[in-house]
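Peer 1: Here it is, the structure, as C-alpha cells.
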Ligand SMILES: [Zn+2]
C-alpha cells in the first residue's frame, strides 16, 4: 500500500501501545516497507525524547487533582448526564463521608490511586513512559519510577530483592551508611532514585520503608536477607516484610513485579 500521508492514527495508537497484538504486528510489517509511516513513527519518538530532555524521568509526577474529595463528589452529583441515577448517588453521598472521616488518610489515597496501595509507579521502556501495572510482565532495561504517599515529614528508603536473593538499594548517595532520604508529607511523591531492571528471570520485590529516623544500609540488608533465608518464596517474603516491621519503620510498602 503506497500513500503520501502516513497512517497517523494507527501509528499513534501503536506508539502508545494501545493496538491489539495482531494490529501491532501487521503495522510493524507495514512500517518496514513504508518510509512515509516509518518517518512518522520516528518523529513521534523524537518528540518524546525532546520532552524527556526537558522533563527528566525522575521529575515526572502524577497529575493529581487539587480539589478536595467533596468537590469531586459535588462535580459528580451535578453532572447532568447522571440525573437518572441521582438516587443511587445520594446513597453514596451519605455513606461515603462516614468512611472518609473514619479513615481519612487511607481513603484519600485510594481516590488518587484508584484503589491500590500507597505506592504506585511509572515505567519507561524504549524511551516511552507508561503508567505502571502490577499485572504486566517487565523486562531487563525497564526503568521503574516509584511514587509513594507519606502522611508526615519523615524518611524513605527504597530497596529491592529479586528471586535469587540479590538485594539492591536506590538512594542517590550510594556510599552513605544510611539508605533513607528525607521526605515531605504528600501523595504521589517521587523517590529520588529509579530502578532499572536487570535481565535475571523471576520476580523483583520492591520495598519502600518509611521511618522517623534514617535507616542504616547494614541493618536493612541484614534484616531483609535473614527474612529471605526464612521465606525464599518472594510472594511469601512480601507478606512478611509488611507484617514484621523493622524497628523504627512506621510503614512498609511493597510492589511485586514479574519479569519475562
Ligand atoms: Zn504507510
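The values are calculated or read from the model by the stated rules, or taken from the named source; none is laboratory data. Because the structure is a prediction, the values reported are computed rather than measured. Glycine gets a Cβ as well: all are built from the backbone with ideal geometry, and neighbour counts include every protein chain shown.
Peer 1: If the requirement is being modelled with pLDDT of 85 or more and assigned to a strand (DSSP E or B), which of these qualifies: 129, 159? Write out each step before concluding.
Peer 2: Values: 129 fails: modelled with pLDDT of 85 or more.
The conditions single out 159.
Peer 1: Got a number for residues in the stretch 15-24 being within 17 Å of residue 126 (Cα to Cα) and either in a helix (DSSP H, G or I) or in contact with a strand residue (DSSP E or B) (Cβ under 6 Å, 6 or more places away or on another chain) (or both)?
Peer 2: 2
Peer 1: Residues in the stretch 16-30 that are within 22 Å of residue 129 (Cα to Cα), modelled with pLDDT of 90 or more and in contact with a helix residue (DSSP H, G or I) (Cβ under 9 Å, 6 or more places away or on another chain): how many?
Peer 2: The number of residues fulfilling the criteria is 4.
Peer 1: Is the stretch 214-229 home to any residue that is part of a loop (DSSP other than H, G, I, E, B), farther than 22 Å from residue 176 by Cα and assigned by TED's automatic domain parsing to the domain that holds residue 169? Working first, answer last.
Peer 2: Going residue by residue through the stretch 214-229, those that are part of a loop (DSSP other than H, G, I, E, B) are 214-215.
Still in the list and also farther than 22 Å from residue 176 by Cα: none.
No, there is no match, as no residue in the stretch 214-229 is part of a loop (DSSP other than H, G, I, E, B), farther than 22 Å from residue 176 by Cα and assigned by TED's automatic domain parsing to the domain that holds residue 169.
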